Amino acid sequence: MSEQNIPYEQSELYRLRHSAAHVMAEAVKELFPEAKLAIGPPIEDGFYYDFDLGKDENGKARTFTPEDLEKIELRFKELLKQNAKFEQYTLTVEQALVHFADQPYKLELIRDLAAGKVDEMGNPTTEPAQEVGIYQHRQFIDLCRGPHVGYTSQVRANAVKILRASGAYWRGDEKNPQLQRIYGTAWPNKVELDDYLKRLEEARNRDHRRLGKQLGLFHISQLVGSGLPLWLPNGAILREELERFLRQAQLDRGYLPVITPHIGKLDLYITSGHYPYYKDSQYTPIDVDGEQFMLKPMNCPHHIEIYKSESRSYRDLPLRLAEFGTVYRYEQSGELTGLTRVRGFTVDDSHLFVTPEQLEAEFIGVVSLIQHVFNTMGFHDFRARLGTNDPESDKYAGTPEMWAQGIKAIRQAADKVGMNYTLEVGEAAFYGPKLDFIFRDVLKREWQLGTVQVDFLLPQRFDLEYTGEDGQKHRPVMIHRAPFGSMERFVGILIEHFNGAFPLWLAPVQVMMVPITDRHNEYARQVAQELRAAGLRVQVDESDDRMNKKIRNAQLQKIPYMLVVGDKEAEAHGVAVRTRTGEDRGTVAVAAFKAQALILTTGKSMEL
Ligand SMILES: [Zn+2]
Ligand SMILES: [Zn+2]
């Protein structure tokens, strides 16, 4: 935490973890002499190393068992304590090829280094290497550019842990051999390690895939397909509430709704430049009667065609078109998880067509809408990041003037609303710079959510125009924006942030009626009907369970209120109020409960 100002790659912690990776690989090599080593970089919160253990008797890739991992961890710790110095030197390519003769993955890396394709960490480069960097401690020699700590004992044995093993493909490509990846973590001391392990445990408990099942929010069917979540009733209610909230906020700000289809002609995306720029993340075109169609990877071109559907004058601008538009992107199956990495998702998308004079004010309007959304969700810990093009890269389209103009507009708008941001080169969209909003959840994990992008390019590609006050044709500027980002991802993050205990207005079931015996079912139904008529989401637990079990079940479902009803309540037209947090608020009149719940719901309160 004290190294916040230094990039991770230059930090002491990075060195520590990189060194830990080497020593762990040394332990694996000792215990599994036949293991072939791939690569082992530090990552956020730890490190990994990839190994090829050969095939088992069934011809399948041999994997690490939990017992293997225990043994490796034990040996790893011993080796750390047996102090050895990390020595750095270089070998010529020829020497390296000889030294790593029995390590096929290292050989491939050395050849790629020599050909100028990758560096020692497997990252792309363009410099052909004459020599390769080596780090050695004891007999363990690795292709490496470092940096490392001085001695193995600087990585403290009581501050490291092996976390798990999983399959990984060589160079992340499913066509390559499957490797066994061991994830580990290393910290400066035991206190920090324990703290991290506690956070990890908490994150596991909050895992949105686990809670999504427990709370009936979504389901992944292998017959439908990985990465294509099915929204269950509770999840659909939650999502619709979010959409309703944003729709209203947009209507209040002069946005107009549109609806567009899920596919479009390939030519549309060739014109926009999404094809071939995003070719790798798109699905193969579909042939329909000799014409090529694509699953929509982006909503922008469709909205642009709506802009072009009539001639526009300056009086029509700004034109703000909004849609919850579902798009499809190809993700490798290994990368798919729950709601956060999917193949089809719905963007709370909008495109604003504005005159150059309106750009700054409209950009500020969008930023304030995003702030409104985050404040309503109780997301107070967030930061902004300005992503610009990398002038060295050919990934970006448009002229340097367009980029400069866009970046200037974002900077001016951010300065005007007093918003701090960091600058990140190479984080832009291909058509223009963008401002991303990054939220830190209760577990201090960062998630990129909302985004605003300024675009001079697509208006040019589609030859957009409007008639100005001067009677001449002018080119509008586009703003792309999505406060949530994607509904799937946003809900996934929401589930983990709130640990499934959503604010009242979002809770799929807000009230569970708990009749004490089945004699009270009728009264419970009456009250439920009365509350539903007022717009609250209410269920009645008419099971044979005893009252305490019913309350417990509702708490597990994280339902905000449990209203217990027996003879006394029925007589007084009242309810005994319990909350999911375990509070017993005693008996109140139905009307009083209803009024209070409605105030909290309409106010989108975080309180119960
Ligand atoms: Zn290394
Ligand atoms: Zn767009």
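Taken together, the values in this text are just the output of simple stated rules run on the coordinates, not laboratory data. Predicted, not measured: the structure shown is a model, and the values here were computed from it. Neighbour counts run over all protein chains shown; Cβ positions are idealised from the backbone, glycine included.
Compute the distance from the alpha-carbon center of segment 286-320 to that of segment 434-454, in whole Å.
28 Å
Tell me the label-point distance for the pair residue 422, residue 199, using the 7 Å Cα-to-Cβ offset, in nm and rounded to one decimal.
1.4 nm
FRET efficiency for residue 412 and residue 89, Cβ-Cβ distance as r, R0 = 41 Å, nearest 0.05?
0.20
First select every other residue whose beta carbon is under 12 angstrom from the beta carbon of residue 532; then total the charges, Lys and Arg +1, Asp and Glu -1.
+2
Is segment 214-265 best put as rounded, prolate or oblate by its Cα gyration tensor, with a ≥ b ≥ c the root eigenvalues, rounded for a/c under 1.5, and otherwise prolate when a/b is larger than b/c, oblate when not?
Oblate.
List, in order, the whole-Hz ³J(HN,Hα) value for each residue of segment 26-41 obtained from phi through the Karplus relation with A = 6.51, B = -1.76, C = 1.60 and θ = phi - 60°; use x for Gly and Pro.
4, 4, 4, 5, 5, 7, 10, x, 7, 5, 9, 8, 9, 10, x, x
Which aspartates and glutamates have a Cα less than 17 Å from the Cα of residue 444, not counting those fewer than 8 places away in the same chain?
Partners within reach: 3, 44, 45, 192, 194, 195, 201, 202, 207, 381, 496.
Hey, could you get me the Stokes-Einstein D for segment 251-291, Kirkwood radius over alpha-carbon pairs, 4 °C and 1.567 mPa s, rounded to whole µm² s⁻¹?
It comes out at roughly 103 µm²/s.
Going through segment 406-496, which trypsin sites (Lys or Arg not before Pro) have at most 16 other Cβ atoms within 10 Å and a DSSP loop state?
444, 445
Within segment 463-542, list the GluC sites (Glu not before Pro) lying in a DSSP loop whose Cβ has at most 10 other Cβ atoms in a 10 Å radius.
Hits after loop and neighbour filter: 469.
Within a Cβ distance under 12 Å of residue 506, other residues only, what is the Lys/Arg minus Asp/Glu net charge?
Around residue 506, the charge tally is +2.
For the chain, what does -39500 (n - 2.57) per DSSP helix run (n ≥ 4), summed and divided by total residues, give at 222 nm, in deg cm²/dmol to the nearest 500?
-11000 deg cm²/dmol
Could you pull out every one of the lysines with an alpha carbon less than 23 Å from that of residue 568, ignoring same-chain neighbours closer than 8 positions?
The reachable lysines, counting only those whose Cα sits under 23 Å from residue 568, are 549, 550, 594.
Using the Cβ atoms and a cut-off under 12 Å, what net charge is assigned to the surroundings of residue 54, where Lys and Arg are +1 and Asp and Glu are -1?
Around residue 54, the charge tally is 0.
For segment 72-142 and segment 556-608, what is the separation of their Cα centres, given in Å?
65 Å
Would you mind telling me the antiparallel percentage of the DSSP bridges in segment 511-602, rounded to 5?
Close to 50 percent.
Give me the three principal axis extents of segment 8-206 from the C-alpha atoms, as integers in angstrom, largest value leading.
Here the Cα extents, ordered largest to smallest, are 46, 43, 31 Å.
Is any residue of segment 584-608 close enough, with backbone N under 20 Å, to a label point placed 7 angstrom from the Cα of residue 240 along the Cα-Cβ axis, and if so, which?
598, 601-604
Going through segment 566-600, which GluC sites (Glu not before Pro) have at most 12 other Cβ atoms within 10 Å and a DSSP loop state?
Hits after loop and neighbour filter: 583.
Between residue 380 and residue 604, what is 0.36 nm times their sequence separation minus the Cα-Cα distance? Round to one decimal in nm.
Extending this stretch completely gives an extra 79.1 nm.
If a/c stays under 1.5 just call it rounded; otherwise compare a/b with b/c (prolate if a/b is bigger, oblate if not). Do that for segment 484-552, with a ≥ b ≥ c from the square roots of the Cα gyration tensor eigenvalues.
The shape class here is oblate.
Output the relative contact order of the chain, whole-number percent, from Cα pairs under 8 angstrom with separation of 6+ residues.
9 percent
Give the peptides 128-136, 297-305 in descending order of average Cβ contacts within 10 Å, highest first.
297-305, 128-136
Over 28 Å between Cα atoms, which of 296/434; 29/198; 161/395; 55/106; 308/434 qualify?
The answer is 29/198; 161/395.
Could you pull the Cα extents of the chain along its three principal axes, largest to smallest, in whole Å?
87, 75, 53
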